[in-house]
1. Can you give me the number of residues within the range 1-13 that are at pLDDT 95 or above, within 23 Å of ILE94 (Cβ to Cβ) and more than 23 Å from the chain's Cα centre (by Cα)?
2. Quick one: in the range 198-228, which of the residues that are touching a helix residue (DSSP H, G or I) at 6+ places or on another chain (Cβ under 8 Å) and not in a helix (DSSP H, G or I) is surrounded by the most Cβ atoms within 10 Å (Cβ to Cβ)?
3. Need the failing condition index for ASN16 against (1) more than 20 Å from the chain's Cα centre (by Cα); (2) touching a residue at least 40 places away in the same chain (Cβ under 8 Å), just the number.
4. Among all residue pairs at least 6 apart or on different chains, which show Cβ distances below 7 Å where the first residue, located in the range 173-189, is over 18 Å from ALA213 (Cβ atoms) and the second is among the acidic types (Asp, Glu)?
5. When you look at SER95, is it under 17 Å from the mean Cα position of the chain (by Cα) and touching a residue at least 60 places away in the same chain (Cβ under 8 Å), yes or no?
6. Being surrounded by 13 or more Cβ atoms within 10 Å (Cβ to Cβ) and in a helix (DSSP H, G or I) is the filter here; which residues of the range 13-43 pass it?
7. Any residue that is crowded, with 20+ Cβ neighbours inside 10 Å, of a type in the set (D, E, K, R) and in contact (Cβ under 8 Å) with a residue 40 or more places away in the chain - is there at least one of those in the range 44-62?
8. Check whether at least one residue in the range 118-128 is without any contact (Cβ under 8 Å) to a residue 60 or more places away in the chain, of a type outside the set (A, V, I, L, M) and not in a helix (DSSP H, G or I), and report yes or no.
Amino acid sequence: MKFNLTKPKLKLIADNNKWKDQKLLADYTEEFGFECAIKFSIENIFELKSMLNEINKNVPSNFNSRSPGWQIYDSKACELIHSILKELPIKVAISSGFWRYLSCCCYEYVFKRYGYSSNEDFKDEHFGLIREAILPRLWFRADSIFKMNSDETEGINPYELAKLGSSDFWSSFILRRDFARSRNLNRAMVKYFFIPNKINWILKDIPISVTEAFRTLGKEIQKQHSITPYEILSEKDCLKLISELASEINLIKHLEN
């Protein structure tokens, strides 16, 4: 199957407002320029498109791309995208051509997520920019913490952690960071900042928001990465390290009763 869409072909679709023409999209799509085992089908892609459209139906009509209420829909979409494309080869996952194709196929969700009111709002970076455009961002969000079920986690939804946190947390604090290559650290950070869901944050005796908390502590985690190999630490050790770094800057995590 062909799942690679070039930037010029994306522009042709946009310039001629041919988003609904799936046959044209198929005609424009090319083979990847590398060998890889594709373990999903066109039927999987259309299933994803249909399910994303179901999510769209519940999104308020007055939402724009910055509406804070997107979190609940992003959390559903990230689980959906990754669960269907769980075995996406890394070569494909880092291919802008694949995400351009998928975003064109699922254009309704992309339009809705970015608050498009017409085809004139089109921006090509919304359709393929790795870790930035909405569909690859949501896939990488889920993949960054995904852990296959084991005896210890049997019966637990492997996407529960991916559903927590704001889009800002995932985009700014995890997906754009070097340390995001460590799933154990990513999982530990989500647990530290968002479990339980009612936490009061205090920095040097001053109450702050969770956003201020992870931005402040994030700088320390980033600096520590230069001397600490997060990639070889266990999730438990990562949690311990995060707590120690918070203590060093006098950041207190106070649980509500």
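1. Looking only at that region, the number is 4.
2. Restricting attention to the range 198-228, the residues satisfying the condition of being touching a helix residue (DSSP H, G or I) at 6+ places or on another chain (Cβ under 8 Å) are 199, 201, 203, 208, 210-211, 213-215, 217-218, 220-222, 224-225, 228.
Pick out the ones that are also not in a helix (DSSP H, G or I) and you get 199, 201, 203, 208, 225, 228.
Working: ILE199: 15, TRP201: 21, LEU203: 16, ILE208: 16, HIS225: 17, THR228: 17.
The selected residue is TRP201.
3. All conditions are met except number (2).
4. Listed by first residue and then by second, the contacts come to ARG181/GLU231; SER182/GLU231; ASN184/GLU235.
5. Values: under 17 Å from the mean Cα position of the chain (by Cα): yes; touching a residue at least 60 places away in the same chain (Cβ under 8 Å): yes.
Yes.
6. Scanning the range 13-43 gives ILE13, ALA14, GLN22, LEU24, LEU25, ALA26, TYR28, ILE42.
7. Taking the range 44-62 and keeping what is crowded, with 20+ Cβ neighbours inside 10 Å, we get 48, 52.
Still in the list and also of a type in the set (D, E, K, R): none.
For the range 44-62, residues crowded, with 20+ Cβ neighbours inside 10 Å, of a type in the set (D, E, K, R) and in contact (Cβ under 8 Å) with a residue 40 or more places away in the chain: absent.
8. Step one: filter the range 118-128 for residues without any contact (Cβ under 8 Å) to a residue 60 or more places away in the chain, giving 118, 120-121, 123, 125-126.
From the residues that got through so far, the ones that are of a type outside the set (A, V, I, L, M) too are 118, 120-121, 123, 125-126.
Still in the list and also not in a helix (DSSP H, G or I): 118, 123.
Yes; the residues of the range 118-128 include at least one that is without any contact (Cβ under 8 Å) to a residue 60 or more places away in the chain, of a type outside the set (A, V, I, L, M) and not in a helix (DSSP H, G or I).
The values are calculated or read from the model by the stated rules, or taken from the named source; none is laboratory data. Everything numeric here is computed off the predicted structure, so don't read it as measured data. Virtual Cβ from ideal backbone geometry, glycine too; neighbours counted across all protein chains shown.
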